[in-house]
Amino acid sequence: MFNPTRDQAREFLFDLWDKHRAASPLTALESMALAVILEHPEYHAVLEDRDRYLDRDWKPEGGEPNPFLHLQMHLAIEEQFSIDQPPGIRAAIEALALKLGSMHDARHVVLECLGEVIWQAQRNGTGFNNATYLDCIRESGTDPNLGTHPTFP
C-alpha cells in the first residue's frame, strides 16, 4: 500500500484483524501491523465492527482519537524504525525508550512528533522535514513531562 485511500487503509486493518482472529497466515507487513494492534486493546472492538466504523469520521474537536490514524501512524513508525529511515531514527527511538523505560511510550512520543511535522509540512506547503522530525524526537527525550499519552489522536 503505497498511497491507499482512507477506506483502503481501514480495510487493511479490518482484514488483518479478521485474519488474526481466524489464525490465518500473515505477511511480514501484516505481522508488524498486528503487533501494533495487539498493543492497543482499546481499538479491538472497533476492528470487530467494520459496518459501524468503516465510514465513521473522527474530528479533532470531538476529542476522541481516530483509532485508524493512530494505528497507521504507529505502523509508519515501525516501518521507519525497521529500516532506520530517516537515518538515525532507530537510535533516537531506542534512546527515548531507554529514558522512558518503555518502547511503547517512546513510540507514542514519536507519534506526536510525526504528527507535528506532517502538520507543519501541510500548513506551510513544504515537504516532510526529516531533520525537524529527528530533532523533535531527540528534544522530547529531555522533556520532564514524558510518559504521558500524547494529545495527537
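The values are calculated or read from the model by the stated rules, or taken from the named source; none is laboratory data. Every value quoted in this text rests on a predicted model; they were computed, and no experiment measured them. We place every Cβ from the backbone using ideal geometry, glycine too, and count neighbours over all the protein chains shown. Just so you know, the surface numbers come from the protein's heavy atoms only, side chains and all, with ligands and any DNA or RNA stripped out. Shrake-Rupley method; radii C 1.70, N 1.55, O 1.52, S 1.80 Å.
Against the longest principal axis of the chain, how steep is helix 130-140, in degrees 0 to 90 to the nearest 10, with axes from Cα atoms?
80 degrees
With a bin width of 5 angstrom, please list the P(r) values of the chain as percents of all Cα-Cα pairs, from the 0 bin to the one holding the largest distance.
2, 9, 17, 21, 21, 16, 11, 4, 1
Would you kindly calculate the mean projected area, averaged across all directions, of the convex hull enclosing the Cα atoms of segment 6-46, in square nanometres?
Working: hull surface 11.5 nm².
Its average projected convex-hull area is 2.9 nm².
Among the trypsin sites (Lys or Arg not before Pro) in segment 1-60, which ones are in a DSSP loop with at most 16 other Cβ atoms within 10 Å of the Cβ? Mind listing them? Present the calculation step by step, with values, prior to reporting the outcome.
Working: sites: R6, R10, K19, R21, R50, R52, R56; in loops: R56.
In loop regions of segment 1-60 (DSSP not H, G, I, E or B), the sparsely surrounded trypsin sites (Lys or Arg not before Pro) are R56.
Rounded to the nearest 10 Å², what accessible area does D15 have for a 1.4 Å probe in the complete protein model?
Surface accessible to solvent at D15 totals approximately 70 Å².
Just want to confirm a number: the relative contact order over the chain, from Cα pairs under 8 angstrom separated by 6+ residues, in percent. Present the calculation step by step, with values, prior to reporting the outcome.
Numbers: 124 pairs, mean separation 30.7, N = 153.
Relative contact order comes out at 20 percent.
What ranking do 109-120, 60-71 get when scored by the average of other Cβ atoms within 10 Å per residue, highest first?
Working: 109-120: 18.7, 60-71: 15.5.
Answer by packing, highest mean first, reads 109-120, 60-71.
Relative to the first principal axis of the alpha-carbon coordinates of the chain, what is the inclination of helix 6-21, with its axis defined by its Cα atoms, in degrees from 0 to 90 and to the nearest 10?
Around 70 degrees separate the two axes.
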